1. With every protein chain in place, what's the accessible area of Y143 (1.4 Å probe, Å², nearest 10)?
2. Any idea what the dipole of segment 121-272 comes to, in debye rounded to 20, about its Cα centre with Lys/Arg Cβ at +1 and Asp/Glu Cβ at -1?
3. Over all directions, the average projected area of the alpha-carbon convex hull for segment 179-249 comes to how many nm²?
4. State, to one decimal in nm², a quarter of the convex hull surface area for the C-alpha atoms of segment 87-159, i.e. the direction-averaged projected area.
5. Given just the C-alpha atoms of segment 108-230, how large is their convex hull per residue in cubic angstrom?
6. In segment 181-261, what trypsin sites (Lys or Arg not before Pro) fall in a loop by DSSP, with at most 16 other Cβ atoms inside 10 Å?
7. Could you pull out the pairs from K106/K233; K106/K147; K127/K216; K106/K136; K106/K272; K233/K272 whose alpha carbons sit more than 20 Å apart here?
8. Probe radius 1.4 Å, ligands and nucleic acids left out: which of D255, D217, D173, D124 has the largest accessible area, and how do the rest follow?
Amino acid sequence: MAASSRSAREAKRRIQQMEAKRELRRGQEKRRKRDNLVAAGAGAAAVVLAVVLQLTAFAGNPTEDEYAAAQAGLAEPSASASPSATPSAPATNGPNIPAADTAAGKTFTGQLLLNGSPLGVEVDGTKAPQAAAVFKSLSDQGYFNGKTCHRLTTADKFGVLQCGSPNGDGQGDPNYTWGPLENTPADNTYPAGTIAVARTGNNAYGNGTQFFIVYKDTVIPADAAGGYTVVGKVTSGLDVVSNVAAAGITPGASDTDGAPKQPVTIDSFSLK
């Protein structure tokens, strides 16, 4: 009887050990599944964050890394936007946006003064009447006076200086957005001297107060909304921007995309 009791206790102990091992394996399997889900969720969050940054950083015009990826066939120009994405601005202009017909058919000339150095500029109201109307209005109001140029790219095939952010941080003014896109290059090439309008990503009515000056021939792939409105050109003094680029950047979005090491302030922007 005693031997039978010992055997029974031993058998019960072995069963308990087996059950404990099974429970341990179940717990390990659950943790593996949970960890996999967490990793997948983190990966998805990273993708979403990357898309958000791509659509919002520097008011939308793509970085040279995105250009390189597109050129290498790693991404389509519209890959950053969902086909069902809702535009961040309406497809009409508000009453605070000047009418295109105030600039239609006109050519404005003037001067952009950066850090005390002048650039001659020309704004084309024939090819881009809405953009020309906006920039003539902003310049007449003195909007650009004291604004900064917050972004500089220095890649081999991507060279732009971007200016006009309300607070100098690359963010736009959500109460001042307009469209449509005008005079966008069919081949996505922006020659040196081009002045183009920056915008929020994938939105033809996402133009604002920011613009970029191309200081060397640059190719910027179009996104789902299209290219970037070319509003005018630099007619003299482009070396002012080239010299800013030569001074280098403080890397931000990449090693060749960030804030210019030489701070740049718009002293004035006049058009007549």
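1. Surface open to solvent at Y143 totals about 50 Å².
2. Taking the Cα centre of segment 121-272 as origin, the dipole is about 180 debye.
3. The number I arrive at for segment 179-249 is 5.0 nm².
4. 7.1 nm²
5. Numbers: hull volume 12.8 nm³, N = 123.
It comes to 104 Å³ per residue, whole-number rounded.
6. K261
7. Table pairs above 20 Å Cα-Cα are K106/K147; K127/K216.
8. Per-residue accessible area, sorted high to low, gives D255, D217, D173, D124.
The values are calculated or read from the model by the stated rules, or taken from the named source; none is laboratory data. All values reported here derive from a predicted model rather than from experimental measurement. So basically every Cβ, Gly included, is an ideal-geometry build from the backbone, and we count neighbours across all protein chains shown. In case anyone asks, the SASA skips ligands and DNA or RNA and just uses the protein heavy atoms, side chains included. Shrake-Rupley method; radii C 1.70, N 1.55, O 1.52, S 1.80 Å.
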